[in-house]
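S.K.: A single structure is presented below for examination.
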Amino acid sequence: MICSSQLSQPMNGLKEIVETRNFKAWLLDQYGVLHDGKKPYSGAISTLKNLATAGAKIVIISNSSRRASTTMEKLKGLGFDPSFFTGAITSGELTHQSLQRRDDPWFAALGRNCIHMTWNDRGAISLEGLDLNVVEDVEEADFVLAHGTEALGHPSGNVSPRTLDELEKILEKSAARGLPMIVANPDYVTVEANVFHIMPGTLASKYEELGGEVKWMGKPHKMIYESAIAIAGVNPSESVAVGDSLHHDIKGANVSGIESIFITGGIHGNELGLTSFDETASLDSVKTLTAKHNAFPTYVLSAFKW
């Protein structure tokens, strides 16, 4: 585990790190680092190009509940050149692979009937190829699968909108029955075009409070970092993770023995007292926040810039 309370002064850009450290693999979060969900951050595309030109293997590591291929398509649509990336791994991809293969004892023991919490406005997620039966009655379910926080899936494949309160009532019934829950996106919230959205991690946290068992897929858990490193084909010591969430990105890197870069202008911007994405946070405010989350980055940057 990499864990240090000794933070250096916030750095000016990635060039300084590239010139002093020979990291072979860069594991990049997407939301809050490369883009805001709607458009790339200023300088992010050119910075990515510079990093790739310097010979880095770049892997997207994301808590998106969508498949890795969908994530790459989104990045391409936002103007990021797919050739710059070695690959991508998402919590949604890990979830899909685990449910499909069932080579892990925990997944092998699951039944086939599930309550499916998914997206509505953000676009529902397909369960094609998983041989699952979506049910609406908790009494018929073997487990709960949480891809989203906006809707409930139907056996027909359609979805109907649900409020968080309505979904939590379903969770209460599921916990009473002792159903296990898989959360395909461990994030609590995300920032999209400066708007906060509630993510499935919030439902999973509630489920644990109710006494339910949760299988967390993605950051900060070690499995997704191991998958990203395998895609890059390097050792953990040759890798650096870049993210804007102390709880997910930086904590996960610490647990996985990977050095890390904390982007202060993302999800923690308000807590750090920042008024713009590229504003530099004070070292004292960063130290206070990292201590609060018990997550310690190697480097601190205001934004993903060269």
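The values are calculated or read from the model by the stated rules, or taken from the named source; none is laboratory data. In this text the structure is predicted, and so the values were computed from the model without any measurement. Reconstructed Cβ throughout: ideal geometry from the backbone, glycine too, with neighbour counts over all protein chains shown. Please note that ligands, DNA and RNA were not included when accessible areas were found on the heavy atoms of the full protein model with its side chains. Shrake-Rupley method; radii C 1.70, N 1.55, O 1.52, S 1.80 Å.
S.K.: Since residue 282 meets every condition but one in (1) more than 16 Å from residue 63 (Cα to Cα); (2) open to solvent by less than 40 Å² (accessible area, probe 1.4 Å); (3) polar (S, T, N, Q), which condition does it not meet?
M.R.: All conditions are met except number (2).
S.K.: If a residue has to be farther than 10 Å from residue 116 by Cα and loosely packed, with under 13 Cβ neighbours inside 10 Å to count, how many in the stretch 132-156 make the cut?
M.R.: Result for the stretch 132-156: 4.
S.K.: Considering only residues of the stretch 257-275 that are in contact with a Ser or Thr (Cβ under 9 Å, 6 or more places away or on another chain) and of a type in the set (Ser, Thr, Tyr), which is farthest from residue 18 (Cα to Cα)?
M.R.: Initial filter on the stretch 257-275 (in contact with a Ser or Thr (Cβ under 9 Å, 6 or more places away or on another chain)): 257-269, 271-274.
Remaining after also requiring of a type in the set (Ser, Thr, Tyr): 260, 264.
Values: 260: 13, 264: 19 Å.
Checking each candidate, the answer is 264.
S.K.: Please specify each residue of the stretch 63-76 satisfying the condition of being without any contact (Cβ under 8 Å) to a residue 40 or more places away in the chain and open to solvent by less than 60 Å² (accessible area, probe 1.4 Å).
M.R.: Within the stretch 63-76, 68, 70, 72 qualify.
S.K.: Specify the residue that is modelled with the lowest pLDDT; the eligible residues are those in the stretch 262-278 that are open to solvent by less than 60 Å² (accessible area, probe 1.4 Å) and more than 19 Å from the chain's Cα centre (by Cα).
M.R.: Ranking the candidates gives 277 first.
S.K.: Determine, yes or no, whether residue 93 is out of contact with any Gly (no Cβ under 8 Å at 6 or more places or on another chain), open to solvent by 10 Å² or more (accessible area, probe 1.4 Å) and farther than 19 Å from residue 227 by Cα.
M.R.: no
S.K.: Further question on the same structure: Does residue 256 meet the test of being closer than 16 Å to residue 26 by Cβ and open to solvent by less than 40 Å² (accessible area, probe 1.4 Å)?
M.R.: So residue 256 fits the description; yes.
S.K.: Considering only residues that are part of a loop (DSSP other than H, G, I, E, B) and free of Cβ contacts under 8 Å to residues at least 40 places away in the same chain, which ones fall in the stretch 266-294? Reasoning before the result, please.
M.R.: Filtering the stretch 266-294 down to residues part of a loop (DSSP other than H, G, I, E, B) leaves 266-282, 294.
The answer is 268, 269, 270, 271, 272, 273, 274, 275, 276, 279, 282.
S.K.: Of all residues in the stretch 170-227, count the ones that are part of a loop (DSSP other than H, G, I, E, B) and of a type in the set (Asp, Glu).
M.R.: The number of residues fulfilling the criteria is 2.
S.K.: Consider residue 252 carefully, then state whether it is within 26 Å of residue 137 (Cβ to Cβ) and in contact with a Pro (Cβ under 6 Å, 6 or more places away or on another chain).
M.R.: Judged against the criteria, residue 252 is not a match.
S.K.: Taking residue 29 as the residue in question, decide whether it is within 14 Å of the chain's Cα centre (by Cα) and at pLDDT below 95.
M.R.: Details: within 14 Å of the chain's Cα centre (by Cα): yes; at pLDDT below 95: no.
In short, no.
S.K.: Continuing with this model, one more query. Taking into account only those residues within the stretch 28-42 that are free of Cβ contacts under 8 Å to residues at least 60 places away in the same chain and open to solvent by less than 10 Å² (accessible area, probe 1.4 Å), which is farthest from residue 78 (Cα to Cα)?
M.R.: 30
S.K.: Could you identify the single residue in 121, 165 that is acidic (Asp, Glu), under 30 Å from residue 276 (Cβ atoms) and not in a strand (DSSP E or B)?
M.R.: One residue alone meets the criteria, 121.
S.K.: Show the residue pairs that are 6+ apart or on different chains and have beta-carbon atoms under 6 Å apart, the first residue being within the stretch 77-102 and closer than 26 Å to residue 53 by Cβ and modelled with pLDDT of 95 or more, the second being polar (S, T, N, Q) and not in a helix (DSSP H, G or I).
M.R.: Close Cβ pairs satisfying both conditions: 90/62; 90/64.
S.K.: Taking the condition of being under 19 Å from residue 274 (Cβ atoms) and not β-branched (Val, Ile, Thr), how many residues in the stretch 15-38 meet it?
M.R.: Taking the stretch 15-38 first, the residues under 19 Å from residue 274 (Cβ atoms) are 29, 31-37.
Subset that is not β-branched (Val, Ile, Thr): 29, 31-32, 34-37.
Matching residues across the stretch 15-38 total 7.
S.K.: Of the conditions (1) closer than 19 Å to residue 60 by Cβ; (2) of a type in the set (A, V, I, L, M); (3) open to solvent by less than 60 Å² (accessible area, probe 1.4 Å); (4) part of a helix (DSSP H, G or I), residue 230 fails just one. Which one is it?
M.R.: Just one mismatch for residue 230, condition (3).
S.K.: Condition check: in a loop (DSSP other than H, G, I, E, B) and modelled with pLDDT of 95 or more. Does residue 148 satisfy that?
M.R.: yes
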